[in-house]
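Participant: If you scroll down you'll find the structure; I have some questions about it.
The values are calculated or read from the model by the stated rules, or taken from the named source; none is laboratory data. What you see is a predicted model; the values in this text were computed from it and never measured. Virtual Cβ from ideal backbone geometry, glycine too; neighbours counted across all protein chains shown.
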Amino acid sequence: MSDSYQPDKVWQWKQASGGKFANINRPIAGATHEKELPVGKHPLQLYSLATPNGVKVTILLEELLAKGVNEAEYDAFLIDILEGAQFSSGFVEINPNSKIPALVDLSGEQPVKVFESGAILLYLAEKFGHFIPSEHIKRTQCMSWLFWQMGSAPYLGGGFGHFYAYAPEKFEYPIERFTMETKRQLDVLDLHLANHHYMCGDQYTIADMAIFPWYGNLVLGRLYDAAEFLDVTSYRHLMRWAKEIDEREAVKRGRMVNRTWGEESEQLPERHDASDFDNVTKLSAK
């Protein structure tokens, strides 16, 4: 253990720690302020931000709509996590864990509140009967990869991403540790995709939609500015898969929703109608 840091006998909260996200990191749960969430015109109400976890859900919703499932029309409201909007009383009522995304389904007799991105994907896929295999073995494979993503991504995001891109200081041990784990995960995907078109064989599923915003965007150079550092070109099967999914029109739209950074042509802070995408195109063309 380094001489520069010795843990206290009893941990104390040092509010200045945490780097970029120090203002929203805290060791307690619950709401910090009273604020109701807005409600739009559609049965599905999404409260989110275009981080990888948020993009999973908007990709699925746009894929469902592209498939002609009109009941999947939705309102997507922006939750600015850097401003602490996820700690409002309205958001905490839907998700006591205060993480985006969160979904409310108003189509039934009682509202259904769903949180955790993987749970939302599974809920919507089962509700509408698309993008989830019906055959037992393939469905089990889909669930395995969905839960693999949910369990693995924290090592990529909170581990590698934090210490490589966001931590206030760079330290060799955590960067080396989480880089090794991230590259191991990339190799897991690359080896699997060498023999499978999608994560579940020939069928495009919620497993692909869960994995792409994290690992697809990473190898495409959109995450943590780390593509060169991780030598992502060596994962050629993963790269093939990522590029193919990236070309899907529904994926392009899903990546735009609740996005407030980057090129103007890729930003749609809130989405309430399919025509909202046309308005972005018109504005960015000016």
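Participant: Got a number for residues in segment 113-167 being touching a Pro at 6+ places or on another chain (Cβ under 7 Å) and not small (Gly, Ala, Ser)?
Facilitator: Of the residues in segment 113-167, 4 are touching a Pro at 6+ places or on another chain (Cβ under 7 Å) and not small (Gly, Ala, Ser).
Participant: Residue 21 fails exactly one of the following numbered conditions: (1) surrounded by 18 or more Cβ atoms within 10 Å (Cβ to Cβ); (2) touching a Leu at 6+ places or on another chain (Cβ under 8 Å). What is the number of that condition?
Facilitator: (1)
Participant: Please verify whether residue 102 is assigned by TED's automatic domain parsing to the domain that holds residue 123, among the small types (Gly, Ala, Ser), out of contact with any Lys or Arg (no Cβ under 7 Å at 6 or more places or on another chain) and within 16 Å of residue 117 (Cβ to Cβ), treating the condition exactly as stated.
Facilitator: Values: assigned by TED's automatic domain parsing to the domain that holds residue 123: yes; among the small types (Gly, Ala, Ser): yes; out of contact with any Lys or Arg (no Cβ under 7 Å at 6 or more places or on another chain): yes; within 16 Å of residue 117 (Cβ to Cβ): yes.
Considered against the rule, which asks whether it is assigned by TED's automatic domain parsing to the domain that holds residue 123, among the small types (Gly, Ala, Ser), out of contact with any Lys or Arg (no Cβ under 7 Å at 6 or more places or on another chain) and within 16 Å of residue 117 (Cβ to Cβ), residue 102 comes out as yes.
Participant: In the list 107, 89, 117, which residue meets the criterion of being crowded, with 19+ Cβ neighbours inside 10 Å and among the polar types (S, T, N, Q)?
Facilitator: 117
Participant: Against the conditions (1) outside the structural domain of residue 230 (by TED's automatic domain parsing); (2) under 18 Å from the mean Cα position of the chain (by Cα); (3) modelled with pLDDT of 95 or more, where does residue 156 fall short? Just the number, please.
Facilitator: Answer for residue 156: the failing condition is (1).
Participant: Moving to a separate point now. Mind counting the residues in segment 202-235 that are outside any loop (DSSP other than H, G, I, E, B), among the small types (Gly, Ala, Ser) and surrounded by 14 or more Cβ atoms within 10 Å (Cβ to Cβ)?
Facilitator: 3
Participant: Does segment 23-42 contain at least one residue that is hydrophobic (A, V, I, L, M, F, W, C) and within 18 Å of the chain's Cα centre (by Cα)?
Facilitator: no
Participant: Suppose we filter segment 40-53 for residues that are part of a loop (DSSP other than H, G, I, E, B) and either out of contact with any Leu (no Cβ under 8 Å at 6 or more places or on another chain) or not aliphatic (A, V, I, L, M) (or both); how many remain?
Facilitator: 6
Participant: Next up: Considering only segment 79-130, state which residues are without any contact (Cβ under 8 Å) to a residue 60 or more places away in the chain, of a type in the set (Val, Ile, Thr) and closer than 16 Å to residue 45 by Cα.
Facilitator: Hits for segment 79-130 are 94, 100, 112, 114.
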